[in-house]
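The values are calculated or read from the model by the stated rules, or taken from the named source; none is laboratory data. What you see is a predicted model; the values in this text were computed from it and never measured. When we count neighbours, we look across all protein chains shown, and the Cβ atoms used for this are built from the backbone with ideal geometry, even at glycine. Side chains are part of the model used for accessible areas, which takes the heavy atoms of the whole protein and leaves out ligands, DNA and RNA. Shrake-Rupley method; radii C 1.70, N 1.55, O 1.52, S 1.80 Å.
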Amino acid sequence: MIRTLTFGCLLGAALASPAAAMVGGAPEATGALGRALVTIVGSRGNFCSGTLIAPDLVLSAAHCVGPGADYKVVHYDAQRQPSLRDVARVAAHPEFDMGAILGHRASADVALLKLAAPLPGKAPLPIAAPEDPLAAGQDFTVAGIGVTRRGDGKSGGTARSATLTATGRPGRLQIRLTDPAATGGAGLGACTGDSGGPALQAQNDRLVVIGVVSWSTGPGNTAGCGGLTGVTPLTLYRDWIARTAQSWGSALSR
């Protein structure tokens with residue numbers, strides 16, 4: 001039986017004592033990245049990461065905001081005490097296919113959440129497509145608020161980031177990232193709760209969001225974390241994001 005948690009239980013069980021995020025000992029995300037990352041919690045017990053791309057608009061993964069649940073964003077005050085902030089609207093890309101993501105295949109794993117009000121102390125980041133040409137060996141930054149120990153929800157809650165390297169044949173549909181320092185074992189990478197977090201690239205001397213974290217594996221394509229981190233690039237989805245933001249009255253960061 002799957003146990004459904006209330007919003008209050010989520011705060012107490014997973015978020016009241018933030019620890020690490022990302023497996024492998026990733027450092028804390030600071031500066032502009034730290035101010036843009038948010039925690040999303042659902043009434044069915046899930047939690048995910050997201051990125052402010054407008055003062056009242058969060059970019060996340062479509063698989064994080066399935067139908068039949070309510071969603072809120074966690075805000076931490078100056079004393080690191082959490083409170084829940086309302087989400088006014090949610091939209092997943094109409095071409096999203098959950099089955100594809102569960103199979104680590106490409107899909108439109110992109111969603112937007114409209115906040116009822118901007119979050120104090122937070123600031124958005126701009127979005128863009130990854131620079132062409134994409135090739136194995138390129139570095140990207142990924143970030144999230146997920147767990148540092150698989151299966152331990154209490155180890156999630158602090159924004160952390162890691163620099164990972166593209167492997168295989170990255171393209172407009174999917175980018176697979178790995179920790180180049182990992183030699184056969186688990187390395188840095190996304191884990192539970194990091195879904196929906198940003199993949200970032202430095203463009204024109206600034207950090208921009210170029211994709212969304214969609215899935216992870218353990219070493220050697222096993223179940224778990226610390227192997228591959230799958231990213232959905234925004235190349236094909238920027239127009240949908242811009243149209244949805246405009247229809248909701250949100251001004252994207254530039």
> Rounded, prolate or oblate: which one fits segment 63-181, using the alpha carbon gyration tensor with axes a ≥ b ≥ c (rounded when a/c is under 1.5, else prolate when a/b beats b/c, else oblate)?
Replying inline: prolate
> On the accessible surface of segment 50-134, probed at 1.4 Å, how many percent belong to carbon and sulfur atoms?
Replying inline: 51
>> Among 29-38, 42-51, how do they line up by average Cβ neighbours within 10 Å per residue, starting with the highest?
In response: 42-51, 29-38
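What does the C-alpha gyration tensor say about the overall shape of segment 178-229? Classify as rounded when a/c is under 1.5, otherwise prolate if a/b is larger than b/c, or oblate.
Numbers: a/c = 3.52, a/b = 1.70, b/c = 2.07.
It comes out oblate by the Cα gyration axes.
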>> Can you show me the helix-derived [θ] at 222 nm for the chain, built from DSSP H runs with n ≥ 4 at -39,500 (n - 2.57) apiece and divided by the number of residues, rounded to the nearest 500.
In response: -2500 deg cm²/dmol
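With the other protein chains left in place, how much accessible area per residue, in square angstrom, belongs to the chain at a 1.4 angstrom probe?
Values: 11060 Å² over 254 residues.
Accessible surface, normalised per residue, equals 44 Å².
About the Cα centre of the chain, how large is the charge dipole given +1 on each Lys and Arg Cβ and -1 on each Asp and Glu Cβ? Please answer in debye to the nearest 20.
On the way: 21 positive and 16 negative charges, 72 e Å.
In debye, rounded to 20, the chain gives about 340.
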> Within the accessible area of segment 143-254, what % is carbon and sulfur when the probe is 1.4 Å and the other protein chains stay in place?
Replying inline: 45
> Residue separation times 0.36 nm, minus the C-alpha to C-alpha distance between Arg243 and Asn204: what's the value?
Replying inline: 11.6 nm
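Order the peptides 204-214, 121-131 from the highest to the lowest mean number of other Cβ atoms within 10 Å of their residues.
Values: 204-214: 20.6, 121-131: 18.2.
Sorting 204-214, 121-131 by mean packing, highest first, produces 204-214, 121-131.
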> For the chain, what's the relative contact order in percent, using C-alpha pairs closer than 8 Å and at least 6 residues apart?
Replying inline: 24
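What ranking, highest mean first, results for peptides 132-142, 53-63 when packing means the other Cβ atoms within 10 Å averaged over each residue? Don't skip to the end; give the middle numbers.
On the way: 132-142: 14.7, 53-63: 24.7.
Result, highest mean Cβ count within 10 Å first: 53-63, 132-142.
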